[in-house]
Amino acid sequence: MKLFLFLSLFFSPTLFAVDTINMRPIFYSGDPTTSYKYQLLELLLERTSAEFGPYQINITNSIHSQKRDINQLKSGEINVFISMTSQAREEVMQAIRFPVFKGLYGYRVLLIKESEQAKFSKIKSLEALQQLTGVQGSHWPDLQILQANGLKVESTSQHKSLYKMLEHGRVDYFPRGIHEPWKELKDRPEMALAVEKSLMLYYPAPGYIFVNRNNTRLAKRLNQGFKNIIESGEFNRFFNLHPQIVEMKNQANIKNRTLLKLSNPLLTPKTPLQDERLWFRVGN
């Protein structure tokens with residue numbers, strides 16, 4: 001009897017199969033386990049552990065471009081990639097169509113040269129911003145979105161060059177998600193850059209968790225996890241109370257900025273735009 005129990009436990013996939021998550025580095029407070037992305041992923045896995053079993057989250061040491069990250073997901077070197085979506089990305093990866101940051105990816109403040117705030121304080125419309133030049137990463141969906149809205153945008157595949165182009169006056173501004181610029185400024189005090197104080201761009205831009213198109217088990221688990229925490233109200237509570245979200249909304253001063261709305265031609269018809277539970281709106 002004891003031998004039978006031992007063998008049944010040893011060969012039981014439901015008891016011993018572990019979903020191992022390998023994902024790119026997360027930069028927040030020096031400890032990735034305190035970040036919103038990490039803790040949300042952990043919440044999704046925890047709330048599905050009864051059905052899918054244990055899990056483990058590993059963070060790689062290598063830092064790459066988003067294009068390289070996508071290739072690593074396709075090859076299996078990583079199995080989770082969290083980033084802004086586009087139709088092209090959804091064609092090569094499997095999207096878990098729940099906006100990770102409730103659409104906060106679409107709220108963009110501008111990095112500018114600290115000495116040029118007065119120039120931006122005069123801008124009150126998209127037409128006025130179209131007279132200046134921005135910069136974005138060559139492989140970022142944002143590049144196409146900004147260009148589709150008539151904005152002049154330079155691009156580069158080198159992340160460091162984005163800041164140098166701004167510092168040296170080759171471009172006027174660098175749009176950043178409201179979760180991004182504060183640490184970037186802290187890391188580059190010598191560049192005399194600043195977050196512009198009066199403007200904010202907005203376009204519907206969900207950030208999704210992506211998995212390999214063949215990884216149906218992990219996709220099923222993450223989809224189920226989102227459904228569980230949305231129906232229970234836990235997703236909304238987690239978002240509203242997470243220190244990283246509270247910090248970024250306060251730092252960005254989003255309620256006191258001129259909002260310039262852009263369209264996003266890169267979204268697919270499957271984008272859940274009508275489900276208000278999934279989106280943050282200014283004023284919430």
Residue by residue through the range 55-66, the couplings from Karplus 6.51 cos²θ - 1.76 cosθ + 1.60 with θ = phi - 60°, in Hz, x for Gly and Pro, are 8, 8, 10, 10, 10, 6, 8, 8, 10, 10, 6, 4
Charge-dipole axis of the chain as Lys and Arg at +1 and Asp and Glu at -1 on Cβ define it, positive-most pick from L193, I78, I26: L193
Restraint check, K102/K152; K124/K183; K124/K160; K37/K164; K37/K102, Cα-Cα greater than 22 Å: K102/K152; K124/K183; K124/K160; K37/K164
How much length is gained on full extension from D187 to I59, taking 0.36 nm per residue of separation minus their Cα-Cα distance? 43.9 nm
For the chain, the percent of accessible surface on carbon and sulfur atoms (probe 1.4 angstrom, ligands and nucleic acids excluded) is 51 percent
Please give the net charge around F226, taking every other residue with its beta carbon less than 15 angstrom from that of F226, where Lys and Arg add +1 and Asp and Glu add -1. +4
With the calculation restricted to Cα positions, what are the radius of gyration and Dmax of the chain in angstrom? 20.7, 81
About its Cα centre, the chain carries a charge dipole, from +1 on Lys and Arg Cβ atoms and -1 on Asp and Glu Cβ atoms, whose size in debye to the nearest 20 is 340 debye
Quick check: the distance between the Cα centres of the range 230-284 and the range 127-161, to the nearest angstrom? 22 Å
If N is the residue count of the range 186-252, its Cα Rg over 2.2 N^0.38 Å rounds to 1.61
Longest segment of the chain with no trypsin sites (Lys or Arg not before Pro) in a DSSP loop having at most 16 other Cβ atoms within 10 Å? 1-121
Between the helical axis of 243-252 and the dominant principal axis of the chain, each derived from Cα atoms, what acute angle in degrees is found, rounded to the nearest 10? 10 degrees
Set of aspartates and glutamates near K270 by C-alpha distance (under 17 Å), chain-local residues within fewer than 8 positions excluded: E90, E91
Work out how much length I230 to E42 would gain on full extension: take 0.36 nm times their residue separation and subtract the Cα-Cα distance, in nm to one decimal. 66.2 nm
What is the gain in length, in nm to one decimal, between K124 and N214 on full extension, counting 0.36 nm per residue of separation less the C-alpha to C-alpha distance? 27.7 nm
For the pair S75 and E247, how long in nm is the line joining their label points, each one 7 Å along Cα→Cβ? 3.3 nm
Please give the Cα centre distance for the range 42-86 versus the range 165-188, rounded to the nearest Å. 27 Å
With θ set to phi - 60° and the Karplus curve 6.51 cos²θ - 1.76 cosθ + 1.60, what are the ³J(HN,Hα) couplings of the range 183-198 in order, to the nearest whole Hz, using x for Gly and Pro? 5, 4, 5, 4, 7, 10, x, 6, 8, 6, 9, 8, 7, 4, 9, 10
Do the sum for the chain: with -39,500 (n - 2.57) for every DSSP H run of n ≥ 4, divided by all residues, what is the mean residue ellipticity at 222 nm, to the nearest 500 deg cm²/dmol? -10500 deg cm²/dmol
Cα gyration tensor shape of the range 99-229, rounded if a/c is under 1.5, else prolate or oblate by comparing a/b with b/c: prolate
S263/Q158 FRET efficiency (R0 30 Å; Cβ-Cβ; nearest 0.05): 0.60
Estimate the FRET efficiency between H139 and T33 by the formula 1/(1 + (r/R0)^6), using the beta-carbon distance for r and 41 Å for R0, to the nearest 0.05. 0.90
Using the Karplus equation 6.51 cos²θ - 1.76 cosθ + 1.60 (θ = phi - 60°), what ³J(HN,Hα) coupling, rounded to whole Hz, does each residue of the range 146-162 give in order, writing x for Gly and Pro? 5, 5, 5, 9, x, 8, 7, 9, 8, 9, 8, 8, 9, 4, 4, 5, 4
Please list, ordered by chain and number, the residues whose modelled amide H lies under 5 Å from the amide H of V80; skip anything fewer than 5 residues away on the same chain. N22
Given a Förster distance of 41 Å, report the FRET efficiency between V92 and R277 from their Cβ-Cβ distance, rounded to the nearest 0.05. 0.90
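The values are calculated or read from the model by the stated rules, or taken from the named source; none is laboratory data. What you see is a predicted model; the values in this text were computed from it and never measured. All Cβ positions, glycine included, derive from the backbone under ideal geometry; neighbour counts span all protein chains shown. Surface accessibility is based on the protein's heavy atoms, side chains included, excluding ligands, DNA and RNA. Shrake-Rupley method; radii C 1.70, N 1.55, O 1.52, S 1.80 Å.
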